[in-house]
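The values are calculated or read from the model by the stated rules, or taken from the named source; none is laboratory data. Keep in mind the model is a prediction, meaning the values are calculated, not measured. Note that we place each Cβ from the backbone using ideal geometry, even for glycine, and neighbour counts take in every protein chain shown. Surface areas here come from the heavy atoms of the whole protein model, side chains and all, with no ligands, DNA or RNA. Shrake-Rupley method; radii C 1.70, N 1.55, O 1.52, S 1.80 Å.
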Amino acid sequence: MTRPYAPGYRIPPDLLLKAYASGVFPMAESADDPEVFWVRPENRGVIPLNALHVPKSLAKTIRQGRFEICLDHDFAAVIDACAEERAERESTWINAPIREAYIGLHMRGNCHSVEAWRDGKLVGGLYGVSLGRAFFGESMFSRERDTSKVCLVRLVAHLNERGFVLLDTQFTTDHLKRFGAVDVPRRKYEKMLEAALQGEAEF
């Protein structure tokens, strides 16, 4: 992990895209910290797009169609929800410069959200960066049970439909491992990234 601090307040969109193209992404110590640091993990989390595992209970929830799944309907609301404090997480790495940067990327067509809605309310979602044929998952949230998981399944289906070849989750967690996420050593990941940046997939 690389942690050189940079003056916060603003991350130029071009710099952010160059960082992703080289295997680096920004984080902040907390929502109140105006600075960011750049991260380059020794092992990178990846969900193979041809090997997604969907638990039976989740598959049943998806078949029931309880949620309306949308793409890019309210990106700002998704990133704000991902930054909210929750009982299981009192702080967030999404600070003001990061929020501004990703909304800027969204306006340029390089950042997207998958959203779960029920009765006109946003109840879950995720967002990430699209570059070449790679999608870099950033964060997800749930206000109702399984909503972020439903969005993840929809994301993978969408990426496959659109010709993406890499879904980067940055890190692996027990939650993501249930869906098939694996740790990839940095050198192998960089080769995967290089291949994914050849060509273009439109989200």
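Of the numbered conditions (1) touching a strand residue (DSSP E or B) at 6+ places or on another chain (Cβ under 6 Å); (2) open to solvent by 20 Å² or more (accessible area, probe 1.4 Å); (3) under 24 Å from residue 190 (Cα atoms); (4) not charged (D, E, K, R), residue 163 fails exactly one; give the number of that condition.
Among (1) touching a strand residue (DSSP E or B) at 6+ places or on another chain (Cβ under 6 Å); (2) open to solvent by 20 Å² or more (accessible area, probe 1.4 Å); (3) under 24 Å from residue 190 (Cα atoms); (4) not charged (D, E, K, R), the lone unmet condition for residue 163 is (1).
I'm trying to understand the selection: among the residues of segment 19-38, which are under 17 Å from residue 82 (Cβ atoms) and in contact with a strand residue (DSSP E or B) (Cβ under 9 Å, 6 or more places away or on another chain)?
Scanning segment 19-38 gives 25, 26, 27, 28, 29, 36.
Would you please name the residue that is surrounded by the fewest Cβ atoms within 10 Å (Cβ to Cβ), looking only at residues in segment 77-88 that are outside any loop (DSSP other than H, G, I, E, B) and more than 14 Å from the chain's Cα centre (by Cα)?
Step by step, filter segment 77-88, then rank; the result is 86.
Restricting attention to segment 171-199, and to residues there that are closer than 15 Å to residue 40 by Cα and at pLDDT below 95, which single residue is least open to solvent (accessible area, probe 1.4 Å)?
Only one residue fits best here, namely 172.
Hey, among 145, 118, 154, which residue is more than 19 Å from residue 43 (Cβ to Cβ), touching a Phe, Trp or Tyr at 6+ places or on another chain (Cβ under 6 Å) and open to solvent by 20 Å² or more (accessible area, probe 1.4 Å)?
118
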